[in-house]
Amino acid sequence: MPEIQPFRALRYSPAAIDDQARLICPPYDVISPSLQRELYEASPYNAVRLELPMEPDPYKAASERITRWLQSGVLTRDDEQALYPCFQTSTDSAGHEHIRKGFFCALRLYEFSEAQVLPHERTLSGPKADRLNLFRETGMNISSIFGLYADEHLEVDCLIGEFVDGNEPVMDEEFQGVRNRMWKISDKGLIARVQQVLLERKAYIADGHHRYETGVAYRKLRAAENPSHTGREPYNFILTYLANIYDEGLLIFPLHRMVHNLQGFDPGEFIKRLKADFSIRQLEGRGELSAYLDAHTSEHAFGVVTSRGTFGICLKGMAAAILDGVVSGPLQQLDVVVLHEIVLRRMLGISPEAMRDQANLVYTENDCEVFDAVRNGDIQVGFIVKPTTVRQVMDISAAGEVMPQKSTYFYPKIMTGLLFHEL
C-alpha cells in the first residue's frame, strides 16, 4: 500500500455555522449548472463555492474565500493529526439500506508506473488543467479521491468499527438522501495499527482519476520550486477516502448509454443488424428487461430501448473471437467493451473520439431516463448495461489496462465539504 498518513484537517466550525447539512456538496464533475445554483442558494458557505465557484475567476474566488473563512472562524484547523472514518448510509430503489464504511487519510502520491496506486480509467486534459489551477491557487485538496484496498479479513474494518462504536461522530448530516457520519481518530497507536495492516496492499482508484493525476503534477511543480524539498511535505500526499473491496456496503451502479444525432439511423434496420452477432428477444418494458439481465449475469447481455420496442440481446459466441487483436484479454471480459467495440463503433459508426467527446453519446445511472428519453424522442436508441464488478476493476487495474469512459459509477459519491486537506 502507498504510505497513508493522518493529517490536520481543515473543517467547518460547528460554533460558527449551525446547519452543516447545507455546507456539503458532491464532487465537481457531477454538479450540473442547476445544482450549482441550488447549492449557492443553500448557504453562503456551501463547499461548492470552493469546489466549483460561479465567479469569472473561479480559482481566485475560491482562494479568497478560504482566507476569509479562516479569518472569520467559519473554517478551523484541527489541533492534531488524525484519520477520519466516514460511513455513508443510503437506501436503494427496493428499500434496502446500505452502509459503506471507509476513512479519510492523506495518501502518498506515486506515478502509475510505480504500481502502488492503480487506475482503471483514462483521463482528459481539460479537467486536469482546471483542477491544477484550483490546486495552485488555493493550496488545498477541496475534494477527495476515492480509493479501494483488499483486506479480506476485515482487520481495518474491525479496528475502525470498535472506535466508531464507542465514540460520537464529529459530523452527522444528510444530503440528497445519503446520511454522512464522520469521526476523528487521533490515537497514535490505533493509527499505527491501521497503517500496518495496509502496508502490503495496493490502492485502486475508484473515483477521482483526474484529481489524482493533478496531484502528481502539482507535487512535481512544488518540488521543483522548493530547494529544500524532502518528500515529507503535505503536497506529496492527496486527500483520499479509502474503502475495503470486501465491505458489504460498496456499491457500483451501471451507467447506461444513450445515443443521439446519428445520421440516417433506422431502429428497425439496426435490430436486424444486431442479429449477426447477438441473439435477440423482444421484451415488455423495464420489468421484463430487468429479469432478462438478471438471468444472463455471466454473459455479455444488454437491453436495447428503441421507438420500435424493448429488446434483450446476448452475444452469441465468445468475445475473443470478435475482439482479438483489437483489445486485450482482460478487457474482452467487460460488457461495456463489447458494447462499445461491436455495437457502438462497428454497427453504429461512433468513433472513439466521438465517444470521448460525448458527441453522440450521453450517460445516465437511471434506467428510467433511458426509457423516457426514447419515448420523448430525445435519443435514438438506449442501451441498458449491467454494473461492472469490483473484481473487474481490480483485475483491469492490475493488468495495466484502462476501461472505456464511464464504465463505473460508485455510489454514493464522496461528499465535498466534510473536511479539507492543506497542501
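The values are calculated or read from the model by the stated rules, or taken from the named source; none is laboratory data. These numbers were taken from a predicted model, which means no experiment stands behind them. Quick reminder, even Gly has a Cβ in these numbers, built from the backbone with ideal geometry, and neighbours come from all protein chains shown. Side chains are part of the model used for accessible areas, which takes the heavy atoms of the whole protein and leaves out ligands, DNA and RNA. Shrake-Rupley method; radii C 1.70, N 1.55, O 1.52, S 1.80 Å.
When restricted to residues that are open to solvent by 30 Å² or more (accessible area, probe 1.4 Å), under 20 Å from residue 399 (Cα atoms) and either at pLDDT 95 or above or acidic (Asp, Glu) (or both), the stretch 322-374 contains 2.
Restricting attention to strands (runs of 3 or more DSSP E) lying wholly within the stretch 263-321, give those where 3 or more residues are closer than 17 Å to residue 368 by Cβ. Step through it out loud before you land on a result.
Working: elements: 278-283, 301-306, 309-315.
Those strands (runs of 3 or more DSSP E) span 301-306.
For the stretch 6-23, a residue qualifies if it is outside any loop (DSSP other than H, G, I, E, B), charged (D, E, K, R) and either at pLDDT below 95 or open to solvent by less than 20 Å² (accessible area, probe 1.4 Å) (or both), and exactly one does: 22.
In a residue-by-residue description of the stretch 387-399, the property of being touching a Gly at 6+ places or on another chain (Cβ under 9 Å) and within 23 Å of residue 324 (Cα to Cα) applies to at least one position.
For a quick check of your reading of the model, give me the residue pairs whose first member lies in the stretch 57-68 and is more than 15 Å from residue 420 (Cβ to Cβ), whose second is surrounded by fewer than 17 Cβ atoms within 10 Å (Cβ to Cβ), with beta-carbon atoms closer than 6 Å and at least 6 apart or on different chains. Close Cβ pairs (under 6 Å, with a partner that is surrounded by fewer than 17 Cβ atoms within 10 Å (Cβ to Cβ)) amount to 59/133; 61/55. So, residue 116, is that one open to solvent by less than 60 Å² (accessible area, probe 1.4 Å), among the polar types (S, T, N, Q), within 20 Å of the chain's Cα centre (by Cα) and within 15 Å of residue 149 (Cβ to Cβ) or not? Judged against the criteria, residue 116 is a match. Of the conditions (1) modelled with pLDDT of 95 or more; (2) closer than 19 Å to residue 409 by Cβ, residue 248 satisfies every one except a single condition; which number is it? Exception for residue 248: condition (1).
Going by the conditions given, is residue 102 open to solvent by less than 60 Å² (accessible area, probe 1.4 Å), at pLDDT 95 or above and either within 30 Å of residue 251 (Cα to Cα) or in a helix (DSSP H, G or I) (or both)? Here the answer is yes, as residue 102 does meet what is asked.
Filtering the stretch 165-176 to residues that are more than 24 Å from the chain's Cα centre (by Cα) and surrounded by 12 or more Cβ atoms within 10 Å (Cβ to Cβ) leaves 167, 169, 170. Per the conditions (1) without any contact (Cβ under 8 Å) to a residue 40 or more places away in the chain; (2) assigned to a helix (DSSP H, G or I); (3) surrounded by 15 or more Cβ atoms within 10 Å (Cβ to Cβ), the sole criterion not satisfied by residue 162 is (3).
Strands (runs of 3 or more DSSP E) fully within the stretch 323-415 that include at least 2 residues being in contact (Cβ under 8 Å) with a residue 12 or more places away in the chain and β-branched (Val, Ile, Thr): 361-364, 381-384. Taking the criterion of being in contact with a helix residue (DSSP H, G or I) (Cβ under 8 Å, 6 or more places away or on another chain) and among the charged types (D, E, K, R), the residues of the stretch 245-271 that qualify are 247, 257.
Those residues that are in contact with a strand residue (DSSP E or B) (Cβ under 7 Å, 6 or more places away or on another chain), over 22 Å from residue 129 (Cα atoms) and open to solvent by 10 Å² or more (accessible area, probe 1.4 Å), I need them from the stretch 214-252; list them, please. Write out each step before concluding.
Here is the first cut: in the stretch 214-252, the residues in contact with a strand residue (DSSP E or B) (Cβ under 7 Å, 6 or more places away or on another chain) are 215, 234, 236-245, 247, 249-252.
Right, trim to over 22 Å from residue 129 (Cα atoms) and you get 241-245, 247, 249-252.
The answer is 245, 247, 250, 251, 252.
Exactly one residue out of 40, 110 is aromatic (Phe, Trp, Tyr), assigned to a loop (DSSP other than H, G, I, E, B) and modelled with pLDDT of 95 or more, and it is 110.
Close Cβ contacts (under 8 Å, 6 or more residues apart or on different chains) running from residues in the stretch 213-224 that are at pLDDT 95 or above and among the acidic types (Asp, Glu) to residues that are assigned to a helix (DSSP H, G or I) and surrounded by 15 or more Cβ atoms within 10 Å (Cβ to Cβ) comprise 213/128. Pairs meeting the criteria (first residue in the stretch 256-284 and free of Cβ contacts under 8 Å to residues at least 60 places away in the same chain, second residue of a type in the set (Gly, Ala, Ser), beta carbons under 7 Å, at least 6 apart or on different chains) are 281/312; 282/309; 283/312.
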